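Participant: Dropping a structure here in structure tokens format, bear with me for questions.
The values are calculated or read from the model by the stated rules, or taken from the named source; none is laboratory data. Computed from a predicted model, the values in this text were never measured in an experiment. With ideal geometry, Cβ positions are generated from the backbone for all residues, glycine too; neighbour counts draw on all protein chains shown.
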Amino acid sequence: MIEPGVGLALGAAASWGAGDVAGGVAARRAGGLVVAAGAQLIGFLLLLGGLLLLRPAPPDAPTLLIGSIGGVFGGLGLAALYRALAQGSMGLVAAVSGVGSVLISLGVGVLVWGDAVSPLQLAGVGCAVAAAAAASGATRHGVSRQGLILAVGAAIGFGLWFVFVNRAAESGQLWALVAARGTATLVVGGMVMARNERILLHGAGRLVALAGALDVAANGLVVLSFATLGVGIAAALSGLYPLVTMLLARVLLGESLPRLGMVAVLVAVAGIVLISLGG
């Protein structure tokens, strides 16, 4: 039976993958920065609603500070991701960002904070990384050099988001998310204002709202998974989102899905089983 933390992280992967498709399509119409800023704002408003509904205990200063640092990296990562998605294949861009974020968060968790990873879990993480990497080859459409650079930047941002928000969530899960998302909204919104661009959604408003809602839902699910999973394991499972992006891009947008895509799915399932058995 899959433990709750594993199920939560997989739910985050599904939500992130669907959000990438919505955000990617919107970014092709309105621009990556504008879409990222809108998605961050939508997510922040939803979290404020959660605060009013749940009324958690007031946070301490470290929770807000560490969460805010994570928000800076997460906001920059999302802005880079949406700009990359607007330029090339969604499967490839999502895979590069997913693999990189897993490696960063796992490395910091094990080497810096001493998170325990069993041999079976380590093998499962390897499968998850291999599956996301295989997803990058499951398309015949290329991506520009700038798009790949942006995808790598997104990977760094997401990996550090995992690291800092995981620590902030130890003292207050919802407050950690609010601090992170509020800071990300300010950072990405400031970037849009600094570029002095006209904010035109070109009919992509609903897609932006959907992307923001799915992104913040994934944030919440992965933070809940931190209660029973190490940050590296949670990142590995939620980092399977490129598979969801790839499959949805195939169904909704007609992007190609050759045999390598099916191999990626099978390897991902093997990784999930190994991580579950090793817990």
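Participant: Given the criteria at pLDDT 90 or above, β-branched (Val, Ile, Thr) and part of a helix (DSSP H, G or I), does Val72 qualify? Lay out the reasoning, then the answer.
Facilitator: Numbers: at pLDDT 90 or above: yes; β-branched (Val, Ile, Thr): yes; part of a helix (DSSP H, G or I): yes.
So Val72 passes the test.
Participant: Which pairs have Cβ atoms under 6 Å, sit 6 or more apart or on different chains, and link a residue in the stretch 23-37 that is more than 14 Å from Leu214 (Cβ to Cβ) to one that is basic (Lys, Arg) and assigned to a helix (DSSP H, G or I)?
Facilitator: Pairs found: Gly32/Arg83.
Participant: Next question. Quick one: in the stretch 109-144, which of the residues that are within 23 Å of Phe73 (Cβ to Cβ) and not aliphatic (A, V, I, L, M) is modelled with the highest pLDDT?
Facilitator: Taking the candidates together, the pick is Gly109.
Participant: Still on this structure: Considering Ala213, Ala218, which residue is more than 17 Å from Ile69 (Cβ to Cβ), under 20 Å from the mean Cα position of the chain (by Cα), at pLDDT 85 or above and surrounded by fewer than 20 Cβ atoms within 10 Å (Cβ to Cβ)? Lay out the reasoning, then the answer.
Facilitator: On the way: Ala218 fails: surrounded by fewer than 20 Cβ atoms within 10 Å (Cβ to Cβ).
One residue alone meets the criteria, Ala213.
Participant: When you scan the stretch 51-69, do you find a residue that is within 14 Å of the chain's Cα centre (by Cα) and within 21 Å of Thr185 (Cβ to Cβ), even just one?
Facilitator: No, every residue in the stretch 51-69 fails to be within 14 Å of the chain's Cα centre (by Cα) and within 21 Å of Thr185 (Cβ to Cβ).
Participant: Return the pairs, sorted by first residue and then second, in which the second residue is basic (Lys, Arg) and surrounded by fewer than 22 Cβ atoms within 10 Å (Cβ to Cβ), the first residue lies in the stretch 60-87 and is more than 13 Å from Arg181 (Cα to Cα) and in contact (Cβ under 8 Å) with a residue 60 or more places away in the chain, the beta carbons are less than 6 Å apart, and the residues are 6+ apart or on different chains.
Facilitator: Sorted first by the residue in the stretch 60-87, then by its partner, the pairs are Ala86/Arg28.
Participant: One residue is enough: does the stretch 257-264 have a residue meeting the conditions crowded, with 22+ Cβ neighbours inside 10 Å and modelled with pLDDT under 75?
Facilitator: Scanning the stretch 257-264 turns up at least one residue that is crowded, with 22+ Cβ neighbours inside 10 Å and modelled with pLDDT under 75.
Participant: Same structure, new question: Within the stretch 163-183, can you find the residues that are surrounded by fewer than 21 Cβ atoms within 10 Å (Cβ to Cβ) and modelled with pLDDT under 90?
Facilitator: If the condition is that a residue be surrounded by fewer than 21 Cβ atoms within 10 Å (Cβ to Cβ) and modelled with pLDDT under 90, then Arg167, Glu170, Ser171, Gly172, Gln173 are the ones that fit.
Participant: So if I check each of Leu150, Leu160, Leu186, which one is buried (at least 19 other Cβ atoms within 10 Å of the Cβ), farther than 24 Å from Phe226 by Cα and modelled with pLDDT of 85 or more?
Facilitator: On the way: Leu160 fails: farther than 24 Å from Phe226 by Cα; Leu186 fails: buried (at least 19 other Cβ atoms within 10 Å of the Cβ).
Going through Leu150, Leu160, Leu186 in turn, just one is buried (at least 19 other Cβ atoms within 10 Å of the Cβ), farther than 24 Å from Phe226 by Cα and modelled with pLDDT of 85 or more: Leu150.
Conditions tested, residue by residue: (1) among the aromatic types (Phe, Trp, Tyr); (2) buried (at least 24 other Cβ atoms within 10 Å of the Cβ); (3) closer than 24 Å to Arg145 by Cβ.
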residue	(1), (2), (3)
Gly11	no, no, no
Gly17	no, yes, no
Gly43	no, yes, no
Gly49	no, no, no
Arg55	no, no, no
Ile66	no, no, no
Gln87	no, no, yes
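Participant: Which condition does Val251 not pass, out of (1) of a type in the set (A, V, I, L, M); (2) surrounded by fewer than 18 Cβ atoms within 10 Å (Cβ to Cβ); (3) at pLDDT 80 or above; (4) under 26 Å from Leu45 (Cβ atoms), if it passes all the others?
Facilitator: (4)
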